[in-house]
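First up is the structure itself, then whatever we jot down about it.
The values are calculated or read from the model by the stated rules, or taken from the named source; none is laboratory data. Small disclaimer: the values here were computed from a predicted structure and weren't measured. Ideal geometry is used to build each Cβ from the backbone, glycine not excepted, and the neighbour counts take in all protein chains shown. Keep in mind that these areas ignore ligands, DNA and RNA; they rest on the heavy atoms of the full protein, side chains included. Shrake-Rupley method; radii C 1.70, N 1.55, O 1.52, S 1.80 Å.
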Amino acid sequence: MTMRFLRIYIASCIVLLPVWLRAQPVTIKGYAPFYKSKIVNLSTYKDFITFTPLQIASTEVNDSGKFKFQLDSLKNCTYAFLSIDNNKGDMYIVPGNIYQVEFPAPDSDRYQNPFIQHTINLIFYITDTMEVNNLIMNFNTQFDNFWAKTYQYFVKKQATHYVDSFYNAMLLRYKNINNPDFRGYMIYTLAEISNNILEGQKTLGEKFIQDKPILYNNYQYMQFFNDYFKDYMKDYTFTKEGGDINKFIVKCDYSDMMEVLKINHLLRNDSLCELVLLKGLYEFYYSGNYNKENIKILLRIIAGATKIEEDKVIAEDMLASFSGVAQGGDAPDFALKDSKGEVNSILDFRGKFLYLAFFKTTSSASISQMEVLPALYKQYRGKINFVFISEDENYSDLVNFLNANKNFSWTFLWDEKHQVMQQYNSKTLPEYFLVNPQGKFFRSPANDPSHGIETTFEDITKPEKDKK
């Protein structure tokens, strides 16, 4: 059976859905004949505002096309994904279960963009009709039928009545299903659909948020939460009631910010209000309109004072993400072997600016940018270190590539299992960073070789007396 997650509405990511069970082992037996000798990862997210990745396990597909994960103690039903190369497939993992899963080859009839993640449909071998994956697939079939019949009304923006009717029909259809993971999936998938058709915000809030429990670890709930409250605090600062928020950010006054937000009757619940505040601060940090140190101070206050463990984790994840790849933060260390087999650390490149890139030898975009670099390398090699980190699956791919391209004479390293790429939160290939002589991010990300990095190189290598 093939799990088909909702196109448009359900993103390819991870959800931890609480089912407070005693820790039990889980076994995943996989079959991926197209991906022999490839690395397969099982991953999740620490929270669903920062989407900080957390790898659960990693293994290799053997010569028979098989792989296996043995998780010793899983307490909660976990919505996770398997990923190989840039393909990923979603699944729910229930404590105590054994799964047989097939990871199919990419669709050969459709173009596969090598620079983005592609969602594939895992093939499950499950006989229990009440198992959460089966229930979700059953619901998705109902939705597909509904979508096929009502698509024209979505296009005409006349779908509200049909969505309400479908919502009530699904509640009736599954009224005897008490699985909380499935019900969370179903209800907040429908909530997200309602949000996408721009159903009234007041109506949506009263129906799906007000006086409802906060499902911190439920992806569908948090997807709806994130979309519903997107730019909420920014818009609120332009109202009479929320005008003081900017002043309270300058003062780093957490308590007064909470009180201002609670003017909205929907946010009179302390827990919901604090979660909305966290989301707003995260958006403000990246907006460029606020002092980032003030945002950090407020997050530290929340992390230290909150009584809600989930909010503490979210605040700490935000702070960690800021210090990880933000300009001024420390560039993560690494120890990777080069094309000669010698191990290189980021410390080996201190004392000069470091132009760092993540790339893949099969990426045409990576290669086209690299072809611009020899001239820049020749001009600035004495003042700037150039290090390119390969995300190829095999070390031999990098070695063979360099043997065929002798003009690429700067430092190349191999990132086995892509762990350094994850540390740098790199989401695309190629991607570039500029690190200062003290090991802190100077540009994160940096311009690529053909789009402006030479201007930056010229500026940072000027004698001090020539700098304005």
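Here is how the numbers come out for the structure above:
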{"read-out": "Matching option when the condition is free of Cβ contacts under 8 Å to residues at least 40 places away in the same chain, loosely packed, with under 13 Cβ neighbours inside 10 Å and not β-branched (Val, Ile, Thr), among Asp227, Asp244, Asp256, Asp235", "value": "Asp235"}
{"read-out": "Selection status of Gln24, open to solvent by 40 Å² or more (accessible area, probe 1.4 Å), at pLDDT 85 or above and farther than 24 Å from Leu215 by Cα", "value": "no"}
{"read-out": "Which listed residue, of Gln379, Gln369, is outside any loop (DSSP other than H, G, I, E, B), open to solvent by less than 30 Å² (accessible area, probe 1.4 Å) and closer than 24 Å to Glu454 by Cβ", "value": "Gln369"}
{"read-out": "Residue that is modelled with the lowest pLDDT [pool: residues in the range 37-52 that are surrounded by 14 or more Cβ atoms within 10 Å (Cβ to Cβ) and within 16 Å of Asn87 (Cα to Cα)]", "value": "Thr44"}
{"read-out": "Cross-chain or 6+ apart pairs with Cβ under 8 Å, the range 286-307 first and in contact (Cβ under 8 Å) with a residue 40 or more places away in the chain, then surrounded by 17 or more Cβ atoms within 10 Å (Cβ to Cβ) and of a type in the set (Val, Ile, Thr)", "value": "Tyr290/Ile249; Asn291/Ile249; Asn294/Ile249; Ile295/Ile249; Leu298/Ile249"}
{"read-out": "Count of residues meeting criterion [polar (S, T, N, Q), open to solvent by 30 Å² or more (accessible area, probe 1.4 Å), touching a helix residue (DSSP H, G or I) at 6+ places or on another chain (Cβ under 9 Å) and part of a helix (DSSP H, G or I)] in the range 166-196", "value": "1"}
{"read-out": "The range 40-53 - residue that is under 10 Å from the mean Cα position of the chain (by Cα) and in a strand (DSSP E or B) and, of those, nearest to Met421 (Cα to Cα)", "value": "Pro53"}
{"read-out": "Output for the range 317-326, where each listed residue is open to solvent by less than 40 Å² (accessible area, probe 1.4 Å), out of contact with any helix residue (DSSP H, G or I) (no Cβ under 7 Å at 6 or more places or on another chain) and of a type outside the set (Val, Ile, Thr)", "value": "Asp317, Ser321, Gly324, Ala326"}
{"read-out": "Scope the range 434-453; condition open to solvent by 60 Å² or more (accessible area, probe 1.4 Å), in a loop (DSSP other than H, G, I, E, B) and more than 19 Å from Leu373 (Cβ to Cβ); matching residues", "value": "Gln438"}
{"read-out": "Condition check for Asp211: within 30 Å of Met170 (Cβ to Cβ) and not small (Gly, Ala, Ser)", "value": "yes"}
{"read-out": "Qualifying positions in the range 103-135 - part of a helix (DSSP H, G or I) and either at pLDDT 90 or above or among the small types (Gly, Ala, Ser) (or both)", "value": "Leu135"}
{"read-out": "Test result for Thr119, open to solvent by less than 50 Å² (accessible area, probe 1.4 Å) and touching a residue at least 12 places away in the same chain (Cβ under 8 Å)", "value": "no"}
{"read-out": "Test for Lys156: is it on the phi < 0 side of the Ramachandran plot, at pLDDT below 90, more than 22 Å from the chain's Cα centre (by Cα) and open to solvent by 50 Å² or more (accessible area, probe 1.4 Å)", "value": "yes"}
{"read-out": "Selected residue [modelled with pLDDT under 95, among the hydroxyl-bearing types (Ser, Thr, Tyr) and part of a loop (DSSP other than H, G, I, E, B)] from Tyr216, Tyr221", "value": "Tyr216"}
{"read-out": "Selection within the range 385-433 - under 25 Å from the mean Cα position of the chain (by Cα), assigned to a loop (DSSP other than H, G, I, E, B) and crowded, with 16+ Cβ neighbours inside 10 Å", "value": "Glu391, Asp392, Glu393, Asp415, Tyr424, Asn425, Ser426, Leu429, Pro430"}
{"read-out": "Yes/no for Phe139 being in a strand (DSSP E or B), within 29 Å of Lys212 (Cβ to Cβ), of a type in the set (A, V, I, L, M, F, W, C) and touching a Lys or Arg at 6+ places or on another chain (Cβ under 9 Å)", "value": "no"}
{"read-out": "Neighbours by Cβ (under 9 Å, 6+ apart or cross-chain): first from the range 25-50, over 21 Å from Tyr125 (Cα atoms) and among the polar types (S, T, N, Q); second open to solvent by less than 20 Å² (accessible area, probe 1.4 Å) and assigned to a helix (DSSP H, G or I)", "value": "Thr50/Ile314; Thr50/Asp317; Thr50/Met318"}
{"read-out": "Members of the range 409-430 that are touching a residue at least 60 places away in the same chain (Cβ under 8 Å) and more than 18 Å from Glu393 (Cβ to Cβ)", "value": "Thr411, Gln423, Tyr424, Asn425"}
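This table checks each residue for (1) at pLDDT below 95; (2) more than 22 Å from Tyr228 (Cβ to Cβ); (3) loosely packed, with under 15 Cβ neighbours inside 10 Å.
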{"site": "Leu275", "(1), (2), (3)": "no, no, no"}
{"site": "Leu278", "(1), (2), (3)": "no, no, no"}
{"site": "Ser287", "(1), (2), (3)": "yes, no, yes"}
{"site": "Asn291", "(1), (2), (3)": "yes, yes, yes"}
{"site": "Asn294", "(1), (2), (3)": "yes, yes, no"}
{"site": "Gly304", "(1), (2), (3)": "yes, yes, yes"}
{"site": "Glu309", "(1), (2), (3)": "yes, yes, yes"}
{"site": "Lys312", "(1), (2), (3)": "yes, yes, no"}
{"site": "Ala315", "(1), (2), (3)": "yes, no, no"}
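For (1) touching a residue at least 12 places away in the same chain (Cβ under 8 Å); (2) within 30 Å of Ala169 (Cβ to Cβ); (3) surrounded by fewer than 16 Cβ atoms within 10 Å (Cβ to Cβ), each residue gets a yes or a no:
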{"position": "Ser73", "(1), (2), (3)": "yes, no, yes"}
{"position": "Phe81", "(1), (2), (3)": "yes, yes, no"}
{"position": "Asn87", "(1), (2), (3)": "yes, no, no"}
{"position": "Ile98", "(1), (2), (3)": "yes, no, yes"}
{"position": "Pro104", "(1), (2), (3)": "yes, no, no"}
